[in-house]
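K.L.:
Encoded as structure tokens, here's the structure I'll be asking about.
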Amino acid sequence: MTIFQSILIAIIEGITEFLPISSTAHMKFANPFLGISPSPFVDLFEIVIQLAAIASVVFVYYKRFFNFKQYSFYLKLMVAVIPALIFGALLKKHIDAALGNLWVIATVMVAGGIVLLFIDKLFKVDETQSQEMSYKQSFIVGCFQVLSILFPGLSRSAATIIGGMSQKLTKKTAAEFSFFLAVPTMLAASAKSTLDVYQESPEIFTTNNLYTLLIGGVVAFLVALISVKFFIGFIQKKGFALFGWYRIILGLAIMACLYTNLI
């Protein structure tokens with residue numbers, strides 16, 4: 001992976017991480033067009049820059065993350081992340097196989113897009129109300145997050161936001177908790193992936209590769225700062241339908257490319 005390729009992938013990640021359109025799918029789709037071949041380093045790079053993008057949440061919402069008097073905030077995140085940790089560990093082989101199948105990812109993209117077309121009408125709440133999530137709601141959102149692990153291309157953001165809205169949370173509350181939950185989830189995923197790659201392919205941790213990781217992480221973080229602020233305002237005004245149509249069109253386009261052997 002060249003520096004130029006890493007910057008492009010990092011920009012894609014930063015833009016798509018918090019949108020319900022699957023950053024993983026976009027990176028997997030972009031790789032063949034950019035001439036990036038599958039490798040342990042590419043897999044590690046994609047995980048690490050996701051963590052870097054999600055770190056922007058800590059920056060934007062630093063008052064929430066570092067308000068240690070509100071210990072319930074951290075407990076709810078712990079409750080919500082448990083299902084993903086369990087299923088992620090148990091189903092690692094399934095996840096790795098699905099991540100390598102663009103047909104599966106494209107199909108899930110389309111299916112998830114269809115769901116987003118109707119989600120605004122399916123779950124209606126007063127968007128002006130102030131809400132405090134319960135532990136039960138946190139756990140249920142965490143269970144929805146598992147769906148994004150089982151079905152790459154679904155979008156962790158989409159799954160958790162839909163999970164929150166199913167619990168009568170406003171779009172803003174559901175989206176913000178989705179952002180918060182991403183921090184411990186991706187921190188654990190990054191640590192596990194880094195350890196696995198180091199054990200299986202320690203030779204990839206060269207100075208050049210570490211430099212590439214650093215550049216990609218910084219770019220993803222900076223771009224994500226803009227994306228996270230944009231998303232909350234957009235869904236409150238416009239809803240999810242536009243993202244649904246985008247997913248459907250992109251998913252079908254990728255299927256067409258796969259069918260005609262363009263990728």
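Please treat every number below as a calculation from the coordinates, not as lab data. Everything numeric here is computed off the predicted structure, so don't read it as measured data. We place every Cβ from the backbone using ideal geometry, glycine too, and count neighbours over all the protein chains shown.
K.L.:
What does the extension gain come out to for Leu214 and Thr194, with contour length at 0.36 nm per residue minus their alpha carbon separation?
P.N.:
The Leu214-Thr194 span can extend by a further 5.8 nm.
K.L.:
Next question. Estimate the FRET efficiency between Glu203 and Tyr74 by the formula 1/(1 + (r/R0)^6), using the beta-carbon distance for r and 45 Å for R0, to the nearest 0.05.
P.N.:
The calculated FRET efficiency here is 0.75.
K.L.:
Spelling out what I want: for every residue of the stretch 202-212, take phi, set θ = phi - 60°, compute 6.51 cos²θ - 1.76 cosθ + 1.60 (Karplus), and round to whole Hz; glycine and proline get x.
P.N.:
These are the phi-based 3J(HN,Hα) values: x, 5, 7, 7, 8, 4, 5, 5, 5, 5, 5 Hz.
K.L.:
Counting only trypsin sites (Lys or Arg not before Pro) that are in a DSSP loop and have at most 13 other C-beta atoms within 10 Å, tell me the longest site-free stretch of the chain.
P.N.:
Here the longest run is 125-263.
K.L.:
Given the Cα atoms of the stretch 62-112, and with Rh set as the inverse mean 1/r over their pairs in the Kirkwood sense, what is Rg to Rh to two decimals?
P.N.:
My calculation puts Rg/Rh at 1.22.
K.L.:
Please report Rg over Rh for the chain, where both radii come from the alpha carbon positions and Rh follows the Kirkwood definition.
P.N.:
Numbers: Rg = 17.7 Å, Rh = 18.6 Å.
Using Cα coordinates only, the ratio equals 0.95.
K.L.:
State log₁₀ I(q)/I(0) for the stretch 169-223 at q = 0.18, 0.20, 0.26 Å⁻¹ as given by the Debye formula over alpha-carbon point scatterers of equal weight, solvent excluded.
P.N.:
With no solvent term, the Cα-only Debye profile gives -0.78, -0.87, -1.07.
K.L.:
Counting pairs on different chains as well as pairs 8 or more places apart, how many Lys pairs in the stretch 144-263 have Cα atoms under 15 Å apart?
P.N.:
8
K.L.:
For the stretch 1-86, what does the alpha-carbon gyration tensor say about shape, rounded, prolate or oblate, given a ≥ b ≥ c as the root eigenvalues, a/c under 1.5 as rounded, and a/b over b/c as prolate? Show your work: numbers first, answer last.
P.N.:
Values: a/c = 2.81, a/b = 2.11, b/c = 1.33.
It comes out prolate by the Cα gyration axes.
K.L.:
Further question: Taking 0.36 nm per residue of separation and subtracting the Cα-Cα distance, what length does fully extending Tyr259 through Ile226 add?
P.N.:
8.4 nm
K.L.:
Determine ³J(HN,Hα), in whole Hz, for all residues of the stretch 162-172 in sequence, where each value follows from phi through the Karplus function 6.51 cos²θ - 1.76 cosθ + 1.60 and θ = phi - 60°; x replaces Gly and Pro.
P.N.:
My calculation for the stretch 162-172 gives 4, x, x, 5, 5, 9, 6, 8, 5, 4, 5 Hz in order.
K.L.:
Any chance you could run the full-extension gain for Glu132 through Lys93? It's 0.36 nm times the residue separation minus the Cα-Cα distance, nm to one decimal. Let's see the in-between values first.
P.N.:
Values: separation 39, 0.36 × 39 = 14.04 nm, distance 3.68 nm.
10.4 nm is the gain from fully extending Glu132 to Lys93.
K.L.:
Right, next: Per residue of the stretch 173-190, what does 6.51 cos²θ - 1.76 cosθ + 1.60 with θ = phi - 60° give for ³J(HN,Hα)? Whole Hz please, x for Gly and Pro, Karplus curve as stated.
P.N.:
Each residue's phi maps through the Karplus curve to give 5, 5, 5, 5, 5, 4, 4, 4, 5, 5, 5, x, 5, 6, 5, 5, 5, 5 Hz.
K.L.:
Also, quick follow-up: Using a cut-off of 18 Å between alpha-carbon atoms, which lysines can reach Lys28, once sequence neighbours fewer than 8 places away in the same chain are excluded?
P.N.:
Lys92, Lys93
K.L.:
Related question: Viscosity 1.306 mPa s, temperature 10 °C: give me the Stokes-Einstein translational D for the stretch 98-224 in µm²/s, with Rh taken as the Kirkwood radius over C-alpha pairs. Provide the component values of the computation, followed by the final result.
P.N.:
Working: Rh = 16.8 Å.
My calculation gives 95 µm²/s for D.
K.L.:
Mind putting together the pair-distance distribution for the stretch 186-263? All Cα pairs, 5 Å bins, whole percent per bin, short to long.
P.N.:
Reading the bins upward from 0: 3, 11, 10, 13, 13, 15, 20, 11, 4, 1.
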